[in-house]
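Worksheet for the structure shown next.
None of the figures in this text is laboratory data; all of them are computed from the coordinates on show. Quantities reported herein were computed from a predicted structural model and do not represent experimental measurements. With ideal geometry, Cβ positions are generated from the backbone for all residues, glycine too; neighbour counts draw on all protein chains shown.
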Amino acid sequence: MAAVLQTIGAASAALSGGSFPDHSSKLSVSSIHSLPVIRSDARPNLSSIHGSFRAGKLISKAVATKVENSATSAASKPGHELLLFEALREGLEEEMERDPRVCVMGEDVGHYGGSYKVTKDLAPKFGDLRVLDTPIAENSFTGMGIGAAMTGLRPVIEGMNMGFLLLAFNQISDNCGMLHYTSGGQFTIPAVIRGPGGVGRQLGAEHSQRLESYFQSIPGIQMVACSTPYNAKGLMKAAIRSENPVVLFEHVLLYNLKERIPDEEYVLSLEEAEMVRPGEHVTILTYSRMRYHVMQAVKTLVNKGYDPEVIDIRSLKPFDLYTIGNSVKKTHRVLIVEECMRTGGIGASLTAAINENFHDYLDAPIICLSSQDVPTPYAGTLEEWTVVQPPQIVTAVEQLCQ
Amino acid sequence: MALSTHRSTATLLRHLKATTTTTIPFLRNLSTNSTSTITVETSVPFTGHKIDPPSRSVETTPQELMSFFRDMALMRRKEIAADSLYKAKLIRGFCHLYDGQEAVAVGMEAAITKKDCIITAYRDHCIFLGRGGTLLESFAELMGRKDGCSKGKGGSMHFYKKEGGFYGGHGIVGAQIPLGCGLAFSQKYKNEENVTFTLYGDGAANQGQLFEALNMAALWDLPAILVCENNHYGMGTAEWRAAKSPAYYKRGDYVPGLKVDGMDALAVKQACSFAKEHALKNGPIILEMDTYRYHGHSMSDPGSTYRTRDEISGVRQERDPIERVRKLLLLHDIANEKELKDIEKEVRKEVDEAIAKAKESPLPEPSELFINVYVKGYGAESFGADRKEVRAVLP
């Protein structure tokens, strides 16, 4: 018990930005309220913390505006630079030009240009029927998109916020996911359901939901989460071209990421994970916004002498167990960092999948860092604590690697 | 009125109830290939909401009437056979029977082509047959065999026939209504001159999805025709106990509606062709088919706890769709009693044969469990910017 509290103490003190405390100091009452983020058998990791930590500037709100590999000089590199929402738009536009059956429907996608500007300028170009402004009726317009998909159209259905798609859960589960099966293969549903989800900046509980965990059990759909402009465009194109229904999870805070992407056309695979940083000591599996928290933590870890391997799993359903497995076989330690809820989240499923398939290769139990099982609070500090922060990742890796 | 014939005395002994008025006396014509038109008046006039209802006089041919009779007899026989199969435990789960409502299926088919789409809820056996489904496919699907229309994986509530323009077959009440609007959207998108008939029941008429879909269909002038098959009972709850306003054809408010006698196949046909014309020009329209089901909601519902047996037998005597067509056929001397009985026997034989064949059909293979979850071959191939082909291999 004491060991767990001390680990909490480390995490909470780090969050407040102060210097790192002596680990044997008494904990204030307030820090106990920061919740235990390491839930597996948290063994005390006293020796490695003490004395080797550099109290550098720890960023508590980790939204990177630049990805590592775009740091080099812009002028001479090929390709063009753009923001993530522009990458999504480019992918969508290219697919709409390529195939007249592709259409978009959602709230404010047409004349308004999309609440996150993903469909900006598409309506004047393609017309009101192909970029359809729907009334606020998620259940019905999702159903409408699926009905259109049954006849061969390829709709891209936008939920203004992923949380609103809960209203359309019946349509997504029964008609989107299962129709191909219950019709004995007669109908395919090549629909793409996309929208931003995740914890934003103090948006409140209902607008900060992570629906990956709810949708992951639906048979028949594929789920992908994009995290960089490069993979956003590639996944958008792949999702539109896929014959299966795909749910594309974007994140509210990642829309303004800037990156240089190739000029040529490219499509990514929907079932593949992305190797962000190869390493030897520990496998860190993550997706969406948490990728950036992980990469920040990695900076600290590298300074401490660790060599983590970071994989952005991208494909939430099905998991890319090939890439993940190869990584586990190499490093023998797994840390999952996700923004999903702890109970029944993607991390929980991934933990189960890895345990089932790669149990013999694991040297330590899998640690899964996920958001707390609470509705996302409005207050900024509370919201920070709901989500996994880089210092917690650092501590977890240290625990795992000892 | 007696017609002079050269045929058997049986015709002279027939009682001809003047239930309809005909304007053209004609010589008895045994052949059903006759295309001479008969004008029949529907039993009840149409009632319109924000629209002028079509005329009561329906034009039909002897051939069409005979096909109505045969198709409805086939559907009736099929449903009764399904009843016995269910009781013999060859059909499991839910089985919602359509007997009593056949006129809707048959009348609708007569007014449209296979390019028009029909989508309905779980009471879909007869509509499937109308759209071109075979008896074998339907019995095999009900019994969960490989030869079923959905390969045995759908069941009673999931009949589909893509080539026939039949989009199912849906279990969740009301969920097919937005799908139907999507079908209509697609027809508009592709500039096809076709319409979609979205069928739902009086129970589903209280779903929010209906009104959301109506709003969208009216907003964009989609060629959607929403047909409320009002059999007056939403499972066990009578319509007056579930809906504040049981005038379902009026509930579209800004969408015009038409109330039709759903037990009269000719009235249904007239209404559907009227609706098709309207939808192609002006957008959605609601049709309320006043119909009745003899069985309970499903096989697990006896159907007599919320309504009296007198009511059921009363409707059967006065409004039965097959009897109505039979009377018309006899009245216009298109067929005599014996011929009609022969047709019924033939139909019964056909159904029995189909059941026998379906029973022989094998159960699906175990590998079938995982087929059709996804379309074969996941997603797209991946090409990185350096053109290297990468493909995921799943364990």
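Only residues of segment B:111-138 count here: report those whose backbone N is under 18 Å from the spot 7 Å along Cα→Cβ of B:Tyr306, or say none.
Once the point is set 7 Å along Cα→Cβ of B:Tyr306, B:121-124 turn out to lie under 18 Å by backbone N, inside segment B:111-138.
Take peptide A:312-321, look around each residue's Cβ out to 10 angstrom, count Cβ atoms belonging to other protein chains, and average those counts.
Counting Cβ atoms of other protein chains within 10 Å of each residue's Cβ and averaging gives 2.
Arrange B:Trp240, B:Trp220, A:Trp385 by Cβ neighbour counts within 10 Å, fewest through most, would you?
Least crowded to most crowded, the residues run B:Trp240, B:Trp220, A:Trp385.
Averaged across A:277-290, how many Cβ atoms of other chains sit within 10 Å of each residue's Cβ atom?
0
Please report Rg (one decimal) and Dmax (integer) in Å for the Cα set of segment A:175-219.
14.8, 45
Hey, what's the Cα Rg ratio for segment A:108-220 versus the globular rule of thumb, 2.2 N^0.38 Å?
That ratio works out to 1.10.
Give the dimensionless ratio obtained when the Cα radius of gyration of segment A:239-315 is divided by 2.2 N^0.38 Å.
Relative to the rule-of-thumb radius for its length, segment A:239-315 sits at 1.28.
Taking every residue in A:236-243, how many Cβ atoms of other protein chains lie within 10 Å of its Cβ, on average?
3
Along segment A:223-231, what does the Karplus equation 6.51 cos²θ - 1.76 cosθ + 1.60 (θ = phi - 60°) give for ³J(HN,Hα), rounded to whole Hz, x for Gly and Pro?
Result, ordered by residue: 10, 9, 10, 9, 9, 10, x, 4, 6 Hz.
Relative to the Cα centre, what is the charge dipole magnitude of segment A:112-217, using +1 at the beta carbon of each Lys and Arg, -1 at the beta carbon of each Asp and Glu, and rounding to the nearest 20 debye?
Dipole magnitude for segment A:112-217 comes out near 320 debye.
Given 0.36 nm per residue, what is the gain on full extension from B:Lys327 to B:Thr61 after removing their alpha carbon distance, in nm?
This chain segment gains 94.3 nm when fully extended.
For segment B:282-347, taking Cα atoms only, what is the radius of gyration to one decimal and the Dmax to the nearest whole Å?
Rg, Dmax (Cα atoms, Å): 16.5, 46.
For segment B:176-312, what is the largest minus smallest coordinate of the Cα atoms on each principal axis, given in angstrom and ordered from greatest to least?
Rounded to whole Å, the extents work out to 49, 31, 26 Å.
I need A:Arg291, B:Arg92 ordered by Cβ neighbour count within 10 Å, fewest first.
In increasing order of surrounding Cβ atoms, one gets B:Arg92, A:Arg291.
Compute the Rg/Rh shape ratio of segment A:283-402: radius of gyration over Kirkwood radius, all on alpha-carbon atoms.
Across segment A:283-402, the Cα-based Rg/Rh ratio is 0.96.
³J(HN,Hα) across segment A:381-393 via Karplus (A = 6.51, B = -1.76, C = 1.60, θ = phi - 60°), whole Hz, x for Gly/Pro?
5, 5, 5, 4, 6, 5, 9, 6, 10, x, x, 5, 5
Starting from the Kirkwood Rh over alpha-carbon pairs, what translational D in µm² s⁻¹ does segment A:198-341 have by Stokes-Einstein at 10 °C and 1.306 mPa s?
Value of D from the Cα-based Kirkwood radius: 100 µm²/s.
Once the dipole of segment A:253-402 is set up with Lys and Arg at +1 and Asp and Glu at -1 on Cβ about the Cα centre, which of A:Asn256, A:Ile354, A:Gly305 lies farthest towards its positive end?
A:Gly305
Apply the Karplus curve 6.51 cos²θ - 1.76 cosθ + 1.60, θ = phi - 60°, to the phi angles in segment A:330-344 and return the couplings in whole Hz, x for Gly and Pro.
Rounded to whole hertz, the list is 7, 9, 6, 9, 10, 10, 10, 10, 9, 9, 6, 5, 5, 7, x.
Can you pull the Rg over Rh of segment B:191-250, Cα-only, Kirkwood?
Reported Rg/Rh, Kirkwood definition of Rh: 1.03.
Which values of log₁₀ I(q)/I(0), to two decimal places, follow from the Debye formula for segment B:58-111 at q = 0.15, 0.27, 0.29, 0.31 Å⁻¹ with a uniform point scatterer at every Cα?
Debye curve over Cα of segment B:58-111, log10 I(q)/I(0) at q = 0.15, 0.27, 0.29, 0.31 Å⁻¹: -0.50, -1.02, -1.11, -1.19.
What is the percent of Cα-Cα separations in chain B that go past 35 Å?
31
Please list, ordered by chain and number, the residues whose modelled amide H lies under 5 Å from the amide H of A:Met223; skip anything fewer than 5 residues away on the same chain.
Placed amide hydrogens put A:Val247, A:Leu316, A:Lys317 under 5 Å from A:Met223.
Test of understanding: ordering A:Val374, A:Val252, A:Val334 by Cβ neighbours within 10 Å, fewest first, what list do you get?
Going from sparsest to densest Cβ surroundings: A:Val374, A:Val252, A:Val334.
Amide H neighbours of A:Thr283 under 5 Å, counting only residues 5+ apart in sequence or on other chains, H built in-plane at 1.01 Å?
HN-HN under 5 Å from A:Thr283: A:Glu309, A:Arg333, A:Val334, A:Leu335.
Can you give me the long-range amide H partners of B:Cys117? Hydrogens built in the peptide plane at 1.01 Å from N, cutoff under 5 Å, separation of 5 or more residues or another chain.
B:Val195, B:Thr196, B:Phe197
Can you compute log10 of I(q)/I(0) for segment B:278-318 with the Debye formula, treating each Cα as one identical point scatterer, at q = 0.13, 0.27, 0.29, 0.33 Å⁻¹?
Scattering profile of segment B:278-318, log10 relative to I(0): -0.46, -0.97, -1.05, -1.13.
Are there GluC sites (Glu not before Pro) in segment B:71-173 that DSSP marks as loop and that have at most 16 other Cβ atoms within 10 Å, and which are they?
Passing both the DSSP loop test and the Cβ count: B:Glu163.
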